[in-house]
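The structure appears right after this line, and notes come after that.
The values are calculated or read from the model by the stated rules, or taken from the named source; none is laboratory data. All values reported here derive from a predicted model rather than from experimental measurement. With ideal geometry, Cβ positions are generated from the backbone for all residues, glycine too; neighbour counts draw on all protein chains shown. Calculation scope for accessible area: heavy atoms of the full protein, side chains included, ligands and nucleic acids excluded. Shrake-Rupley method; radii C 1.70, N 1.55, O 1.52, S 1.80 Å.
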Amino acid sequence: MTDYPDLQLFIDDRWRNTADTLPVLNPATEAEIGRLPVARQSDLDDALDAAERGFRVWSRTAPRVRAQIILRAASLLRDRGPQIAPAITMENGKPLVQARMEVIRGAEFLEWDAGEAQRLYGHVVPSAPGIRYSVLREPAGVVAGFSPWNFPLSQPARKIAGALAAGCAIILKAAEETPAGAIHLVRAFQDAGLPPGVLNLVFGHPAEISSYLIPQDRVRVVAFTGSTAVGISLTELAARSMTPVLMELGGHAPVIVCDDVDPQAAGVMSAVRKARNSGQVCTSPTRFFVAERSFHSFATAFADRAGQVRIGNGLDAGTEMGPVANARRIAAMEALVEDARGKGARVLCGGVRPKGPGYFFPVTVLADVPQDARVMREEPFGPIAVINPVSDLDDAITRANALPFGLAAYAFTHSAANVDRLTADIEVGNLSINTLEASVAEVPFGGVKYSGHGREGGAEGLHHYTVTKTISHRMELEAEPSVAGGKP
Ligand code: NAD
């Protein structure tokens, strides 16, 4: 009854298999659910040739027509959501309702960028009579995109939306752990009538693919979402050929809870949000800095709600949180909890992996965590929250900014003065007040510091997929040209 698709590469408008394959596992059962073909160098060469041809066609296609095709793909995704969502749950583990939301979110990214495709304005610069300076935004060329496993459909959708709306062609390497989301997305584009070669999908050994594709002269943009360590190595690789990069990397989101809000309501909201996607979200709220006066109520409400989160197979009705993605994440959670406990942190709930198959780990709340605990510096990328008291807003801001990350930050407060301070002083790309949502299609999203470079979404989202071209147009040839140049 569930639609787990055939796993194939998509190159030049055709699906293809290869002899070498990788297993895809269901993290809730650890059972194999598919075999994924591994791209050979010849497949990557075919993808590059196809993307180059596709770019010539697509970059010369009217923006309105590009937008129509992208919107058609979005509409197919919305229609197919009920069939696609179980496949996402099977490969990633998230509850079905979250998988359904992810498909809708993927469609929203496409719809927003389709609109932006028609608003990719250049400008004309005021200039002296007889000469006109115009500045154009042109599609950059072939994009090499790399998307992660935490959002198997919406993350690839974001990369594809930006690239295609700008008029680029893309070779996407989606995550090997979760290929079905990307495959369903590509099917929607194929059925929407996207010309051959504009979108190509490959899988394989990540380092082999990135080290082959990124240095190619034909690749004009690299777009990656994943860990900071991998982002740095791909950025170094791209720098050797002066290829611009869009990097959406790790975070370690601070949450500042001021004493002018209801601490219990904020605690319950935070626990629910922490459980989303089993905490495997780059914007997941993790380091809570709570005003001393609110600390006890906030931590108690948080731990109570976290302890009630229903964990199970995402396909089962009523499941609020599925497993984490793989055995590596379980090992990472256990190591972070043990380290914090050993250094004196209190474990308010969770911390112990339940027995049985599947990569399950409960929402874990650590309180009074010392600064030297690893979890205070290392992004858990899983369902762990740390809650510490702070003396005042200055203390909270200092501690929030103490890490080299700067992706998302949150605050709970009704004070305009507090919001003003936070806006000025928090070092992040996205600050959210009284909401734990950091990224929607219509606003730019991205990081500062080691959290990355460039923005996806909003009016800014297409910029990284374009190059700026300046046209200087003098209406008449100069009558008396001089070596010294024109008039000042
Ligand atoms: P990882 O660093 O090995 O991989 C992260 C992602 O990068 C995966 O999708 C992987 O396929 C890809 N990747 C790895 N090496 C690559 C290479 N040389 N070339 C191209 N792609 C490559 O870690 P992991 O264990 O899979 O994931 C855990 C860490 O990844 C987390 O700690 C988290 O920081 C990060 N992560 C971040 C996001 C995000 O949304 N920013 C998403 C997924 C993972």
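Miscellaneous remarks
- Using Cβ point charges alone (K and R +1, D and E -1), the dipole size of segment 21-100 about the Cα centre works out to roughly 620 debye.
- A DSSP coil position with no more than 13 other Cβ atoms inside 10 Å describes the following trypsin sites (Lys or Arg not before Pro) in segment 90-135: Arg119.
- The chain, helix-only ellipticity at 222 nm - DSSP H runs n ≥ 4, -39,500 (n - 2.57), divided by all residues, nearest 500: -12000 deg cm²/dmol
- Mean Kyte hydropathy of 1.6 or more with a Cα span along the axis of at least 30 Å, helices from DSSP in the chain: none
- At the listed q of 0.09, 0.12 Å⁻¹, the Debye profile of segment 254-433, built from one uniform point per Cα, gives log10 I(q)/I(0) equal to -0.29, -0.52.
- Tyr4 accessible area, assembled protein chains, probe 1.4 Å, Å²: 40
- For segment 236-257 and segment 386-410, distance of Cα centres in Å: 20
- Counted charge near Ala271, where neighbours are those whose Cβ lies closer than 10 Å (Asp, Glu -1; Lys, Arg +1): +2
- Residue-count net charge about Val369 - beta-carbon cut-off 14 Å; Lys, Arg +1, Asp, Glu -1: +2
- Accessible surface for His296 stands near 140 Å², nearest 10, in the context of the full protein assembly shown (1.4 Å probe).
- Chymotrypsin sites (Phe, Trp or Tyr not before Pro) lying in DSSP loop within segment 99-140, provided at most 12 other Cβ fall within 10 Å: Tyr121
- Straight-distance candidates among the aspartates and glutamates for linking to Lys469, with alpha-carbon spacing under 12 Å and chain neighbours fewer than 8 residues away dropped: Glu138.
- Computed packing ranks the peptides 460-468, 190-198, 382-390 as 382-390, 460-468, 190-198, most packed first, by mean other Cβ atoms within 10 Å.
- Over all other residues within a Cβ to Cβ distance under 10 Å of Asp12, the charged ones net out to 0, with Lys and Arg as +1 and Asp and Glu as -1.
- Simple rule: put +1 on each Lys or Arg Cβ and -1 on each Asp or Glu Cβ in segment 254-433, find the dipole, and look at Gly406, Pro383, Ile311; the Cα lying farthest toward the positive end is Ile311.
- Positive end of the dipole of segment 93-178 (Cβ unit charges, origin at the Cα centre): among Pro148, Ala174, Gly122, the Cα lying farthest that way belongs to Gly122.
- Excluding same-chain neighbours fewer than eight residues apart, the aspartates and glutamates reachable from Lys355 by a Cα-Cα span under 17 Å are Glu30, Glu334.
- Taking a straight line from the alpha carbon of Lys274, these lysines sit under 19 Å away, with near neighbours fewer than eight places off in the same chain left out: Lys94.
- For the chain, the square roots of the Cα gyration tensor eigenvalues, ordered a ≥ b ≥ c, give a/c of at least 1.5 with a/b no greater than b/c, which places it in the oblate category.
- Here's how it looks for Cys349: its modeled amide H is under 5 Å from those of Val365, which are all 5 or more places away or on a different chain.
- The portion of the accessible surface of the chain made up by carbon and sulfur, rounded to a whole percent, is 53 (1.4 Å probe; DNA, RNA and ligands excluded).
- Probe 1.4 Å - accessible area at Glu379, Å² to nearest ten: 50
- Within segment 254-433, antiparallel bridges make up roughly 10 percent of the DSSP beta bridges whose residues both belong there.
- Probe 1.4 Å, protein heavy atoms only - accessible area per residue of the chain in square angstrom: 41
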